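Down below is the structure, laid out as structure tokens.
The values are calculated or read from the model by the stated rules, or taken from the named source; none is laboratory data. Predicted model only: the values in this text are computed from it and were never measured. Cβ placement follows ideal geometry from the backbone for every residue including glycine, while neighbour counts extend to all protein chains displayed. Accessible surface is based on the protein model in full, side chains and every heavy atom, while ligands, DNA and RNA are left aside. Shrake-Rupley method; radii C 1.70, N 1.55, O 1.52, S 1.80 Å.
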Amino acid sequence: MILAIYTCLAILCIVFLQSGIDKVIHFKSEKDFVQSHFSKTPLNKMSGALFVILTVLEITSGVLSAGGIIHLYLHENVIMANLASVLSSITLLSLLLGQRVAKDYAGAQTIIIYLIPVVLLFITLELYQL
């Protein structure tokens with residue numbers, strides 16, 4: 001069970017830190033892409049601010065996931081893993097909503113793949129805490 005928790009946290013750490021750091025490094029081109037992606041949606045005027053919020057959510061989710069691994073290993077406590085799972089689900093659901101609003105259904109399907117480890121993490125954490 002512990003191995004499943006570590007694995008899910010590692011997946012989330014890799015996904016979110018890579019994505020968040022990439023958004024920071026290539027800020028202008030990533031922001032331009034998001035603004036063009038949402039140019040014909042009700043989120044058009046807010047897309048720049050939402051991009052920044054999403055970047056912060058992704059980096060925070062990745063850091064919490066890494067912290068969850070370390071905290072579980074050092075203290076045998078899952079509080080940070082729980083926080084990582086909650087914030088990761090919020091981040092992915094935000095991405096899913098954005099893809100659906102932009103009518104990017106293929107992109108929305110991809111987000112579901114990343115939600116699977118989050119759901120597995122929720123279930124595994126619940127079982128671990130029993």
Just going by the charge dipole of the chain, with Lys and Arg at +1 and Asp and Glu at -1 on Cβ, which of Leu12, Val101, Ser39 is farthest out on the positive end? Ser39
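What size of dipole, in debye to the nearest 20, comes out for the chain about its Cα centre when the only charges are +1 on Lys and Arg C-beta atoms and -1 on Asp and Glu C-beta atoms?
500
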Excluding ligands, DNA and RNA, the carbon-plus-sulfur percentage of the accessible area of the stretch 32-130 with a 1.4 Å probe reads 71
Which residue, Leu97, Leu115, Leu83, has the most motion in a Gaussian network model of the chain that connects Cα atoms within less than 10 Å? Leu97
With axes computed from alpha carbons, what is the tilt in degrees of helix 27-37 against the longest principal axis of the chain, rounded to the nearest 10 within 0 to 90? 70
Mean Cβ neighbour count within 10 Å, used as a protection proxy, ranking 104-114, 30-40, 1-11, 54-64 highest first: 54-64, 1-11, 30-40, 104-114
Per-residue ellipticity at 222 nm attributable to helices in the chain (runs of n ≥ 4 DSSP H, -39500 (n - 2.57) apiece, nearest 500 deg cm²/dmol) works out to -30000 deg cm²/dmol
